[in-house]
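Contents: one structure, followed by commentary.
The values are calculated or read from the model by the stated rules, or taken from the named source; none is laboratory data. Remember, predicted model here, so these are calculated numbers, not experimental data. Glycine also receives a Cβ, built like all others from the backbone with ideal geometry; neighbour counts cover every protein chain displayed. Just so you know, the surface numbers come from the protein's heavy atoms only, side chains and all, with ligands and any DNA or RNA stripped out. Shrake-Rupley method; radii C 1.70, N 1.55, O 1.52, S 1.80 Å.
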Amino acid sequence: MALFDHFHNVYDVAFKPRLLRTLLKDHVPDQNQPFRSPSDLSIVLSAIKTHRLLSESVTESIDQKHIDKWKTAVDSWVDRLLALVSCNMPDKCWAGTCLLGLTCQECSTDRFLASYSVWFHKLLSHIQPAAESHFVKVASCTSISDLLTRLGSFPNAKKDGTSHAGKLIQPVLKLLNEDGSEAVWEGAVHLLCTIVTFYPSSVQHHYDIVEAAIVSKIMSGKCSVNMLEKLAACLALLPKSRGDEACWFLMMQKVLLSINVNLNEAFQGLEEEAKCNEAIRLLVPPGKDPPPPLGGKKTYGEVLDKAARKSEQLLMSSVTTLMLCCCKMLTTSYPVQVTVPIRPLLALVGRVLVVDGSLSQALLPFVTAIQQEFICSQLPTLHSYVLDLLTAIIKRVRSQLLPHAADIMRLLTVYFRMCALPELRIKVYSVIKILLMSMGIGIAVHLAEEVINNAFADLNPIDQGTGDVSSSANSKASTGALLQTRHRKRKHATTATGSSEEQLDRVNFEKEVPKGYTTFIPVKIAALEALEALLTVGGALRSEHWRLKVDLLLITIATNACKGGWADDERVISLPSDATSTQADFQLAALRALLASLLSPARVRPPYLAQGLELFRRGKQETGTRLAEFCTHALLALEVLIHPRALPLEDFPTVNRKSFDNGANHKYPESMYSGGQDLNTPFSRGPLGMALGVPNPDYDLYDKWLGSDDEIDIPVTDPSKNRNNVDDASEAFRDHQTEKLPSVDGASSPKVAKKIDHRSAATGADMREGGTEEEIMVESHQFPESISQEESTFPAVISASTSTKIEIGKVASDSGALDPGDSEIATGNDVLVAKGDSFAIQGENASTAVSNSERSKGLVSELDNESSMDSFPDIVDADPDSDSE
Amino acid sequence: MREKKMDWSGGREALVVCSDRSMSVGITVWDMVSGDQLLHIPTCAASPHGLLCLREQFLVASQIHRHGSLGGGAIFIWPLNKPQSPLRNYPMEAIGPVSCSKDGVYIVGGAPSGNAYIWEVADGRLLKTWRAHHKSLTSMVFSDDDSLLISGSDDGMIRVWSMISLLDIADCGRFPSLFHSLLEHTSSITGLLSISGSSSPVLVSSSLDGTCKVWDLIRGRLLRTRVFPTAITAIVLDPGEQLLFSGSADGRIFVSMLDTGLVVDPFKVPEDRPIVLNGHNRSITALAFSRLGLVSASRDCAAHLWDVASGVIIRRFNHPKGAITNMVVIPKSSLLSVTNHQRFSNQFRVSLLDKYPQPGNSSMGMITLLPLCCSHRVHLPTIGFQSTVSLNQQILDLEQECTPGAIQMKLETSIENRMWAARMTKHVMEMNKHLQSRLLDLMQNRLLLSADSTAARKRKRAMLESSRIQEEEQSQLPSYQ
């Protein structure tokens, strides 16, 4: 490589092979050089990912020379890696394996398809022997997993992939079964999950063994919580390998049965016999054979014995893991529709939530204090998992849960009252939030009171009692004092509901006490979220009872939360653990709830709108924070409330034609044009003018009317010029009545209300010209109606322009007698009804134009006759009615 | 036919109508745009409000004639992509209006006797029957969030039910299922519409007494009454829920602003005059909205598609076989045949609707889950590439030497290194030894030869020897691994 062989820029293809070679030379170990430092690998990793050095993707215009260069560079990269993988030095082998996994992910499609088989076998050789270093095993597992994942994206490689994956099952199970480190198990489980998701059929034959292996691992008690989670997810995925409904159901049944059996043991003496029997009876109806135990027959008995001998800790961890497995089974998708044993699931939830550690009197002598202590120490975890399960059920079953909603509600309300631990309260709030969101107003009716009472207890800033109860419960619960706290809590809840007004006053006047405030921020956030959901879903629900109270609470909390300035949420971002919620989260939750309270409909205008707006405006200043983002959104949402606007209904004929906007004006001539040219019946020409430039005079007219409301003179003179034409037209009208109507309508196919006015006014005028006294009578009846002047001039003028001498005279005399504005309304009103007829006619005309079929034409004209005849009574009928309204 | 197939790929709509005259009339499906007849399903005569489209995959129609079973009613369900094999259900009594929840999980039906039925569609269970009204039910509808059921009857009564309480298995009566009885209408209810807006649901009802009324569902209060000159037989709202279209018994359709009465606007003209769409000459039986505009069906054997803005009829559909009593608008794509569906196994399942309710305790409480929307892309989100994460983690481990794995690796590496060093040392020593012996040989030779040979021969021999030694040295160097 020449010293000054420069490339163009960072995007130049020539740059990539050079960089790759440099990396290979300087940072990737080779056979002869010792491996310097693992951090070298991370340099390689980031360089390859950033510059996509292995992608070999080029645009067409690139010189072949560069492409070849790149190709040889990648070739040598792969050769080096393969050499490293088969090296005896564990660190080099590890490096090679890892980088090969990266290559599987990054390299070009052609290269991957050409060589994945070779790579697979290279990697496979490191999984099998027992003596390999753990690191190499883990790296091999992840690399193979990546290889299979990439292979899974090529549908035509499915078969090959399945056969490859089949070779993996035994070695992976071996890894899982032997006493390796947790990292190796994790790698193996991950690989197993990949195989099940991408190549389910390869697991099919080994289904039972795999299940047994995973279950025995779960029951072994050697795994950390993290590992147990992974195992649960893997077990939940397993039915996918068969992909049928029965398999999923069987797994669910086995898991539930196993949980219940374990719970029987754990809850001995803490619940009635009937309860546990019922749960199992629901799962296995009497007369039916129970399913084979989870994890196969042999291991199950063994495990049970072991479990009995081993600590109860193990019992609990396996129960919670299996519950997690249930959650995962419910929430992950499955290729076919499945049947869920909903009642056993809910029975399990109910069974666990009811247990509070208290002993029934009858069983008192059979339970030792140590047993009770143990159960109570584990109960919160158990409850937490069961609430997760409940959340998963609600999420997945959705509205099909309706028949059980009442059950769940009863359970939750009872549990909520006695639940005093912050973590659990957070979960209960979130369950309630999901319930409210999914089932809407129907469930809000029943839950509103409970949510409000509890939220008040948790949120009331000065109510230190709540804080004390919760905090003491927090510390004591682990030593089994749930019973006691429950009583205290209950007592408190009743006082809280009883003296809500008293509390309200205190909210009003006292300032927040910072102590006890920071401790329970997550609970408060959860309570605010639940309130927000309630307001969103059922804000109008019996609002007179609680809305004022809640609105006041929310504005107080939001004001207090934001009083001490805005917490910077930068700190939160920099912290690695997202579980810790902070002041910023609390502020955000408070403002969100406040927005819901302002927007949610109530009987009265939101009383704290001004304060709320002030808060949002201030929050908006904190540029760059989530809070400012939300405040901006809140102001946008509130704008409709602050400045209510009646937006015009675009494209729809408004009933009150108050103004002629420009948009309509623009459309008008076009429509006129298209319609007017097509139709050559005498009538259509008549009012519009004789020349080919038919629409122009009329358009001018229209413009003038629009331009000046007062200039009635001009339109009146215009028609008089055309009077002869009009006369002709009216002659023709009698002869061509059937043709006339379509033609007029045809002229007005566009979507402009004003146009309709105009045309229908014409129709109306014609009818009058047809000349019975009655109609004029009707008109004069309507004069007194009050409509603004601008509104009315238009139709009147049109009618003048299109009607005969007599008609004009009539109008003139009317306007002489009455206020000119009023006289014109009459025609306007007429128009309303007449127009309806013409709509129909017009549509028919359009359809004939489209279809051109003789048959339908006949039909149309027939109908036209009918409707034109009908139009007379319409006028008479409709107007008195609407007047009386 | 060729043309039709091409059209089917698009997002076009189809109009489904049926009559109540006789079973032979059946269901007709038209293309909304071209007006072509797409499909005809024989043997169906549905009562008013007795036709619906379930999850855009099935047509459900309650049959007006008793068919098949004595004294009982009939509800037929046709899969839209396979209409030749309907599911025939025979409930206890004839069913008039039917309705389904927004997600298609439940079907409710009302009988002339005043009884109402709720079925779960997926497994066909009859979840509840109860006496909803004293008179015949004429219309049923779910609230926007599916949590309330609203029923209207022949005597003008509207009742609002809570689904949760209706379906409560335990049924301990703690929560009353009847929410409100709305009694203001004086004649048969002809249409019910629930308006979206989650926190304050509003109901619009129409009646033969010539009024449309707007109700606050939660409080059960009458908000607005709109009086029309004739009996109103059908109502519909435009998709933006601004305009109310009321079809009347004489064929007119009144268009009016929907005034829910929730906003008190002092500047508003209290009663505006409705616009009238005239096109039918007999009573309107059904109104619906498609993407193209309003569709109206009438007893005059025609359905019209209106451009609402201009009030013109864009298209008219003639149904010479009988008066149209029911109409729904469905997406045309749902008519696609089974073979074109990629995953038939995951299609929404419909079972035969039960005739009798099952006793509560006998079942295991199974629920057939609806498929998740994204379920055909099963594995995309779950598993991703892992090696980068894993590699980074391992590098970290190695640098900090905190995990057993990392320590083991270090250990093994150093053992390997030591072994290699030992091997090298051994080898070098061997080489040394070899060289030494060679040197000794050489010296010995030289001593021996110096006695009897010429200087030239000596030199030549020595050079040969040394080059051989070099070669041997080269070949014996162990390769570094």
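Observations on the structure shown:
- Counting Cα-Cα pairs of region A:349-464 in 10 Å increments starting at 0 gives whole-percent bin shares of 12, 41, 30, 15, 3.
- Amide H to amide H, with H built 1.01 Å from N, residue B:96 comes under 5 Å of B:110, B:111, counting only residues 5 or more places away or on other chains.
- Across the cross-link table entries A:137/A:159; A:69/A:167; A:69/A:92; A:16/A:230, which are compared at the Cα atoms, the separations over 28 Å belong to A:69/A:167; A:16/A:230.
- List of region A:81-118 residues, accessible area with partners at least 30 Å² below that of the chain alone (1.4 Å probe): A:88, A:89, A:90, A:91, A:94, A:98, A:105
- Between A and B, accessible area buried - total, square angstrom, nearest 100, 1.4 angstrom probe: 9900 Å²
- In the distance distribution for region A:367-418, Cα-Cα pairs more than 19 Å apart total 43 percent.
- Value of Rg/Rh across region A:330-398 [Cα atoms, Kirkwood radius]: 1.14
- Loop GluC sites (Glu not before Pro), region A:51-116, which have at most 12 other Cβ atoms in a 10 Å radius of their Cβ (DSSP): A:60
- Three-way shape call for region A:68-156 based on the alpha-carbon gyration tensor, with the a/c threshold at 1.5: oblate
- Hydrodynamic radius of region A:1-94 per Kirkwood, over alpha carbon pairs, in Å: 14.3 Å
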